[in-house]
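Contents: one structure, followed by commentary.
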């Protein structure tokens, strides 16, 4: 009988180790250290394009070829910034725009679930992406590549109100 708990422990360790070897496409961009640019690609926003492509692929978001703007609101964004982004910045940005919010934001603003062009990141991957952008993030794409990226500071968001 004393061997049974040890056996169960070893079996659970084996199952866990098998499950942890399944790689997800965005996993390499969630590291805590910055990665080196090994591809030697000098295209502007090359790293951001790789991260954004892996992110949108994992969420099953199709990035169009024409110019499109995304606003990403991670769950840790300041409350005033979130309100300004939802009620001022996003509505004024036009129809070629999508708002992507972390699940924590969607829980605070349940009306987002019914809005067009709003995507709720239920896995909250936007909260753990490995890049230097934070708070409210604006990403413009064209030909499925990032052509512009900007983080809005709390002061900038305050001045928009």
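The values are calculated or read from the model by the stated rules, or taken from the named source; none is laboratory data. Computed from a prediction, not measured in an experiment: that's the story for all the values here. Every residue, glycine among them, receives a Cβ derived from its backbone with ideal geometry; neighbour counts consider all protein chains shown.
Being over 16 Å from residue 150 (Cα atoms) and part of a helix (DSSP H, G or I) is the filter here; which residues of segment 51-72 pass it?
Once the filter is applied, which keeps residues that are over 16 Å from residue 150 (Cα atoms) and part of a helix (DSSP H, G or I), segment 51-72 yields 53, 54, 55, 56, 57, 58, 59.
Here is a list of conditions, (1) touching a residue at least 24 places away in the same chain (Cβ under 8 Å); (2) closer than 19 Å to residue 58 by Cβ; (3) surrounded by 15 or more Cβ atoms within 10 Å (Cβ to Cβ); (4) within 13 Å of the chain's Cα centre (by Cα), and residue 120 meets all of them except one; can you say which number that is?
Of everything listed in (1) touching a residue at least 24 places away in the same chain (Cβ under 8 Å); (2) closer than 19 Å to residue 58 by Cβ; (3) surrounded by 15 or more Cβ atoms within 10 Å (Cβ to Cβ); (4) within 13 Å of the chain's Cα centre (by Cα), residue 120 misses just condition (1).
Restricting attention to segment 107-122, which residues are outside any loop (DSSP other than H, G, I, E, B), touching a strand residue (DSSP E or B) at 6+ places or on another chain (Cβ under 7 Å) and more than 17 Å from residue 80 (Cα to Cα)? Don't jump to the end; show me each part of the working.
Of all residues in segment 107-122, those outside any loop (DSSP other than H, G, I, E, B) come to 107-108, 110-114, 118-121.
Within this subset, residues satisfying the condition of being touching a strand residue (DSSP E or B) at 6+ places or on another chain (Cβ under 7 Å) are 112-113, 118-121.
Across segment 107-122, the qualifying residues are 113, 118, 119, 120, 121.
From (1) buried (at least 17 other Cβ atoms within 10 Å of the Cβ); (2) modelled with pLDDT of 95 or more, pick out the condition that doesn't hold for residue 66.
Looking at each condition in turn, residue 66 falls short on (1).
Can you tell me which residues in segment 73-106 are more than 14 Å from the chain's Cα centre (by Cα) and part of a strand (DSSP E or B)?
Scanning segment 73-106 gives a single hit, 97.
Take the residues in segment 123-161 that are part of a helix (DSSP H, G or I) and farther than 19 Å from residue 105 by Cβ; name whichever of them is nearest to the chain's Cα centre (by Cα).
Restricting to residues being part of a helix (DSSP H, G or I) and farther than 19 Å from residue 105 by Cβ, the top hit is 155.
Step by step: first the residues of segment 123-161, then only those that are on the phi > 0 side of the Ramachandran plot and in contact with a strand residue (DSSP E or B) (Cβ under 7 Å, 6 or more places away or on another chain), then the one that is surrounded by the fewest Cβ atoms within 10 Å (Cβ to Cβ). Which residue is that?
Result: 124.
Just the residues that are out of contact with any strand residue (DSSP E or B) (no Cβ under 9 Å at 6 or more places or on another chain), surrounded by fewer than 17 Cβ atoms within 10 Å (Cβ to Cβ) and modelled with pLDDT of 90 or more, please, taken from segment 28-60.
57, 58, 60
Just to be sure I understand the filter: pairs with C-beta atoms under 8 Å, separated by 6 or more residues or on different chains, first member in segment 144-161 and modelled with pLDDT under 90, second member not in a helix (DSSP H, G or I). Which pairs pass?
Taking only residues 6 or more apart or on different chains, the pairs are 153/135; 154/78; 154/135; 157/78; 157/135; 157/136.
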